[in-house]
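Readers should treat all values here as calculations from the given coordinates under stated rules, not as data from a laboratory. Computed from a predicted structure; not experimentally measured. Every residue, glycine as well, gets a Cβ built from its backbone with ideal geometry; the counts of neighbours run over all protein chains shown.
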Amino acid sequence: MKEVKIESTLYVFENLDELPEEISLLMQQAVKARENAYAPYSKFHVGAALLLDNGEVITGNNQENASYPSGLCAERTAIYYAGSQYPEAKVLRMVISAASKRQTTITPIPPCGACRQAISEYEEKQESPIEIYFMGEKGKIVKSNSLANLLPLVFDKSVL
Ligand code: THU
């Protein structure tokens, strides 16, 4: 038996002022997208903004449903739209903002497991990393240089 350690490196920005301007602008678009979330059940509103290598910015938000599992997260709404409209484009980065209507969200909110799996598929497809930035409503912003950092031991097409 041997022990295997898995390490990931993340970068933490104290507030929006610390972000490069380009990222800050994408975060503004994620916040704007968040405001259109349809989240009457959880009251948890999430927005995602993606920058593609063709210069397009794609945004998305969570869309809930009375049949709860039929809803979709912001990240997948956005990346599936990008994949459907610009199948040849690469996603350079995804910027995420989340806010609850019940309390102020100061914890940076990472993509859920299902979204990590979905984003990972596009990283594999385009053969280049997707930078991920995520935050709550205010406070710190966390950056990962790739989705792979957030999903060790990924299940991918190599075993199919
Ligand atoms: N949600 C997202 O949109 N992204 C995530 O990564 C976490 C969860 C949404 C799904 C649901 O509409 C609400 O937040 C509460 O789980």
Give me Rg/Rg_expected for the chain, where Rg uses Cα atoms only and Rg_expected = 2.2 N^0.38 Å with N residues. 1.03
Name the residues whose placed amide hydrogens come within less than 5 Å of the amide hydrogen of G71, ignoring near sequence neighbours (fewer than 5 apart) on the same chain. N65
Taking the range 1-52, which trypsin sites (Lys or Arg not before Pro) meet the DSSP loop condition and have no more than 13 other C-beta atoms within 10 Å? K2, K5, K43
Do the alpha carbons of any pairs in K32/K125; K5/K140; K101/K143; K2/K90; K101/K140 sit beyond 30 Å of each other, and which pairs? K2/K90
Helical mean residue ellipticity (222 nm; -39500 (n - 2.57) per DSSP H run of 4+; nearest 500) of the chain: -8000 deg cm²/dmol
Spin-label proximity, D53 to the range 90-125 - amide N less than 19 Å from point 7 Å beyond Cα toward beta carbon: 90-95, 119-125
K157: which aspartates and glutamates have alpha carbons under 17 Å from its alpha carbon, excluding same-chain residues fewer than 8 sequence positions away? E121, E123, E124, E127
